[in-house]
Each structure stands twice: as C-alpha cells, then as structure tokens.
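Beneath this line is the structure, given in structure tokens, with notes to follow.
The values are calculated or read from the model by the stated rules, or taken from the named source; none is laboratory data. Values in this document were obtained by computation on a predicted structure and should not be read as measured data. Cβ placement follows ideal geometry from the backbone for every residue including glycine, while neighbour counts extend to all protein chains displayed. For accessibility, only protein heavy atoms count, side chains too; no ligands or nucleic acids. Shrake-Rupley method; radii C 1.70, N 1.55, O 1.52, S 1.80 Å.
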Amino acid sequence: MPTQVYRPQWIDEIIPPAHDTYLCYGKGRSYGDSCLTSTGSMIDMSMLSRLIDFNTETGVVVCESGLTIDELLRVCIPKGWFVPVTPGTKYVTIGGAIANDVHGKNHESAGTFGAHVRAIGLARSTGEVLTLSPGENAELFAATIGGLGLTGLILWVEI
C-alpha cells in the first residue's frame, strides 16, 4: 500500500486524521531508516522550518522542529552564537536532533543535544498539544528527548 505523505506549511495543519498512524520525516539523515513506514502516513516536516524567536543577548532560540542545524547556524554565527552540540552533519532537523538525542565531538563536555533543550511543543496522537519542559510535563519531556517520536510529534523547541 502506498504511503500517504502530509506536507503541512503551518503547525496548525500538522495533524492528519485521528484514525491514521503516522511518522515524521525531516531530512532523511537518521540511521537505519527509522522514519520510514510501509503502513500509515508520513509527515514531511521540511516546510516547518521557521525561526520563531532568537534572543541575541542570551542565545536562546525558539524554532519550528523542521529547521535544520545548518539553517540555525546561518542565523546564529553572524550574531556570535553557535549550536552547543553539532552531530556529524549539520543537515539534520532540530526535531530529529532531539528525537535521536544526537551528540557531537564535544560529547564529554557538552553532553547530548537534549541537554540544551529548554522546552518542547508536542502534538500527541490524541490531538492534544502540550508544552514540555523540566518543570511542566517533566516525565514526558524526558521521554521525548531520545524517544524517536514515540511520545508524539515535536512541533517547536526552545534551546
């Protein structure tokens, strides 16, 4: 059966019909094809790549989960900031970096990407949209970092 692919342009368009099962697809850089399915649907996150806010004094960024590390670096570097953890390729989405909890060459000193996440907007399969952080929905926040999308769909992040 062919897979249906949703390509939302805005976060509020992201949830397919409730009876459907789906996986997110970013840039296809995950090891082992973890975002491929032969049943259900896929959500192509490539259009959800907007920078929502960037505080140039603190370095805190809020962005949609389809933004790539490369796209983020193009904004941050000219302002004197850099992403604290960069995996072997900069062509991964921020949502994918969180879902896989990637690490970089500075793992022993900076930890994983998830160590720098302050908040996550998460769409659950129930249709519920939650804000996750260490102080709000903390258990779900911890399970989402490195959870490969099993807790829901990452809509936006604050790092």
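Note on Cys24: accessible area is roughly 50 Å² with a 1.4 Å probe, heavy atoms of protein only.
For the range 96-110, backbone nitrogen atoms closer than 19 Å to the point 7 Å from Ala143 Cα along Cα-to-C-beta are found at 98-101.
Among Lys105, Lys79, Lys90, the order of accessible area from largest down is Lys105, Lys79, Lys90, computed with a 1.4 Å probe on protein heavy atoms. Among His107, His116, the sequence by solvent-accessible area, most first, with a 1.4 Å probe is His107, His116.
Taking the square root of 5 times each eigenvalue of the Cα gyration tensor, what semi-axes in Å does the equivalent ellipsoid of the range 97-146 have, largest first? Don't skip to the answer; put the middle values down first.
On the way: eigenvalues 109, 24, 10 Å².
Semi-axis lengths for the range 97-146 are 23, 11, 7 Å.
When DSSP assigns beta bridges and you keep just the ones with both residues in the chain, what percent turn out antiparallel, to the nearest 5? The antiparallel proportion sits near 70 percent. Distance between the pseudo-spin-label points of Asp44 and Arg124 (7 Å out from Cα toward the beta carbon): 3.0 nm. Roll a 1.4 Å probe over the protein heavy atoms and report the accessible area of Glu158 in Å², nearest 10. Approximately 50 Å² of Glu158 is accessible to the 1.4 Å probe.
Using the alpha carbons alone, the radius of gyration of the chain stands to its Kirkwood radius in an Rg to Rh ratio of 0.95. Computed over protein heavy atoms with a 1.4 angstrom probe, the accessible surface ordering of Trp10, Trp81, largest first, is Trp10, Trp81. Solvent exposure of the chain, expressed per residue, is 55 Å² of accessible area, with all protein chains present and a 1.4 angstrom probe.
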